[in-house]
Amino acid sequence: MAKFLGFSPTQQTVVTKIYRDCRVILENAHAKAGTEGWRNVFTQIMGSASGPALKSAEQALEETIKVMFMRIGGQSFDVTYEATFTNTNADMLSVGHAVSGGGASHTTFVDEARQQGAVSSRLPMRLGPNFFAMDDRNLFEQSKVETFLHELSHHSVGSIDDSNGGECYGWTGVTRLKGLGPARAVWNAENIGFFLTWLG
């Protein structure tokens with residue numbers, strides 16, 4: 001399990017539960033990959049495509065889920081409280097994912113940076129006061145589970161907050177990226193978080 005730093009006892013109980021819930025969600029999502037239910041949720045959250053474009057987007061999401069599950073299982077990050085957050089729920093220090101280019105290259109970038117001593121071996125996910133005001137789970141709004149998975153996707157595969165052309169957060173952001181098609185939506189952290197929340 002990740003280390004939890006700076007939380008009150010009450011907050012730590014909440015974060016520990018969400019961490020465990022997310023681990024189960026990722027395990028289930030990995031096991032369900034390729035099933036009819038998995039594909040139905042994919043279409044609802046990531047959009048529709050056909051042929052090679054669909055296959056490529058599905059494979060990208062499957063790889064993202066696999067790496068996220070390995071990261072949460074491998075305890076490769078800490079979870080810390082950031083009391084000064086007033087305009088965000090959380091963030092994940094992911095070592096310059098924009099430089100790494102995302103995807104598998106991001107995972108390699110993070111791992112190589114650690115080996116070279118360029119970063120802490122355990123990168124922190126930081127949760128602020130707003131995190132604790134959200135529902136544990138909600139299919140159409142940001143929630144604790146969705147936020148945790150959103151941030152973990154940044155750390156794991158270098159997913160982005162794709163605000164190029166409009167909103168990328170919340171249900172509005174998810175539906176905007178879905179409308180642009182799965183090749184783009186599968187890299188938006190909010191779509192990943194909502195996909196996993198819906199798939200359960």
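What the table shows:
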| read-out | value |
| --- | --- |
| Inter-residue pairs, beta-carbon under 8 Å, first under 25 Å from W38 (Cα atoms) and in the stretch 60-88, second open to solvent by 60 Å² or more (accessible area, probe 1.4 Å) and of a type in the set (D, E, K, R), 6+ apart | F69/R23; F69/E27; I72/R23; G73/R23 |
| Flag for T147 being open to solvent by 60 Å² or more (accessible area, probe 1.4 Å), at pLDDT 95 or above and either β-branched (V, I, T) or in contact with a His (Cβ under 7 Å, 6 or more places away or on another chain) (or both) | no |
| Conditions (1) touching a residue at least 60 places away in the same chain (Cβ under 8 Å); (2) under 21 Å from R137 (Cα atoms); (3) under 20 Å from the mean Cα position of the chain (by Cα): number failed by F7 | (3) |
| Output for the stretch 155-178, where each listed residue is open to solvent by 10 Å² or more (accessible area, probe 1.4 Å), in contact (Cβ under 8 Å) with a residue 60 or more places away in the chain and within 25 Å of R23 (Cβ to Cβ) | I160 |
| Count of residues meeting criterion [part of a helix (DSSP H, G or I) and out of contact with any helix residue (DSSP H, G or I) (no Cβ under 7 Å at 6 or more places or on another chain)] in the stretch 1-18 | 7 |
| Residue within the stretch 73-82 that is surrounded by fewer than 17 Cβ atoms within 10 Å (Cβ to Cβ) and part of a helix (DSSP H, G or I) present | yes |
| Pairs, first more than 14 Å from A33 (Cα to Cα) and part of a loop (DSSP other than H, G, I, E, B) in the stretch 44-59, second of a type in the set (F, W, Y) and open to solvent by 70 Å² or more (accessible area, probe 1.4 Å), C-beta under 7 Å, six or more apart | none |
| Helices (runs of 4 or more DSSP H) contained in the stretch 140-200 and holding at least 1 residues in contact with a helix residue (DSSP H, G or I) (Cβ under 7 Å, 6 or more places away or on another chain) and closer than 20 Å to Q75 by Cα | 144-157, 189-199 |
| Residue that is surrounded by the most Cβ atoms within 10 Å (Cβ to Cβ) [pool: residues in the stretch 33-55 that are at pLDDT 95 or above and among the small types (G, A, S)] | G47 |
| Criterion (of a type in the set (K, R) and modelled with pLDDT of 85 or more) met by exactly one of R114, R71 | R71 |
| Residue that is more than 25 Å from N28 (Cα to Cα) and modelled with pLDDT under 60, where the choices are G128, G101 | G101 |
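The values are calculated or read from the model by the stated rules, or taken from the named source; none is laboratory data. Please read these numbers as outputs of a predicted model, since none were measured by experiment. A quick note on method: Cβ atoms are made from the backbone with ideal geometry, for glycine too, and the neighbour counts reach across all protein chains shown. Accessible surface areas use protein heavy atoms only, side chains included; no ligands, DNA or RNA. Shrake-Rupley method; radii C 1.70, N 1.55, O 1.52, S 1.80 Å.
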